[in-house]
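The values are calculated or read from the model by the stated rules, or taken from the named source; none is laboratory data. Treat the numbers as computed from the prediction; the structure is a model and nothing was measured. Positions of Cβ are backbone-derived with ideal geometry, glycine not excepted, and every protein chain shown enters the neighbour counts. What goes into the accessible areas is simple: the full protein's heavy atoms, side chains included, and nothing from ligands, DNA or RNA. Shrake-Rupley method; radii C 1.70, N 1.55, O 1.52, S 1.80 Å.
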Amino acid sequence: MRQGGNSVLIASHWAFTRPDGTRVWDFMDTFHLCRFGDDWQFLERTVHDS
């Protein structure tokens with residue numbers, strides 16, 4: 001899907017581990033931002049459960 005010149009979709013993967021290497025959390029986040037004039041504004045966040 002095309003976002004256009006005034007929006008962006010950002011995906012990030014979060015992996016939290018203990019010092020011994022065991023996993024605490026592991027999930028994806030997606031953020032949607034749009035530009036209004038010269039400013040970027042956060043519209044929504046989606047947390048993807050894995």
### Task
Consider the candidate values [x] 14.3; [y] 12.7; [z] 10.9; state which one is Kirkwood radius over Cα pairs in Å computed from the structure displayed.
[y]
### Task
Quick one: which residues, 5+ away or cross-chain, put their amide H under 5 Å from the amide H of residue 7? H built at 1.01 Å from N.
35
### Task
Within the set of other residues whose C-beta is less than 10 Å from the C-beta of residue 14, count the net charge using Lys and Arg as +1 and Asp and Glu as -1.
-2
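Let me check I've understood the local charge: for residue 47, count other residues with C-beta under 13 angstrom from its C-beta, Lys and Arg +1, Asp and Glu -1. What total comes out? Walk me through the numbers on the way to the answer.
Numbers: positive: 45; negative: 26, 29, 44, 49.
Net local charge, residue 47 excluded: -3.
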### Task
Give, in nm to one decimal, the length gained when the segment between residue 33 and residue 49 is fully stretched (0.36 nm per residue of separation minus the Cα-Cα distance).
3.7 nm
### Task
Could you order 32, 48 by accessible surface area, starting with the largest, using a probe radius of 1.4 Å?
48, 32
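Evaluate the relative contact order of the chain (contact order divided by residue number), counting alpha-carbon pairs under 8 angstrom at least 6 apart; express in whole percent.
Working: 83 pairs, mean separation 15.7, N = 50.
It rounds to 31 percent for the chain.
Which value, in debye to the nearest 20, describes the size of the charge dipole of the chain about its Cα centre when Lys and Arg Cβ atoms bear +1, Asp and Glu Cβ atoms bear -1, and nothing else is charged? Walk me through the intermediate numbers first.
Numbers: 5 positive and 7 negative charges, 21 e Å.
Its charge dipole is roughly 100 debye.
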### Task
Could you tell me the accessible area of residue 40 in Å² (1.4 Å probe, neighbours in place), rounded to the nearest ten?
120 Å²
### Task
Keeping the other protein chains in place, figure out the carbon and sulfur percent of the accessible area of the chain, with a 1.4 Å probe.
54 percent
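Taking a probe of 1.4 Å, how large is the accessible area per residue of the chain, in Å²? Please report the intermediate quantities before stating the final value.
Working: 4310 Å² over 50 residues.
It amounts to 86 Å² per residue over the chain.
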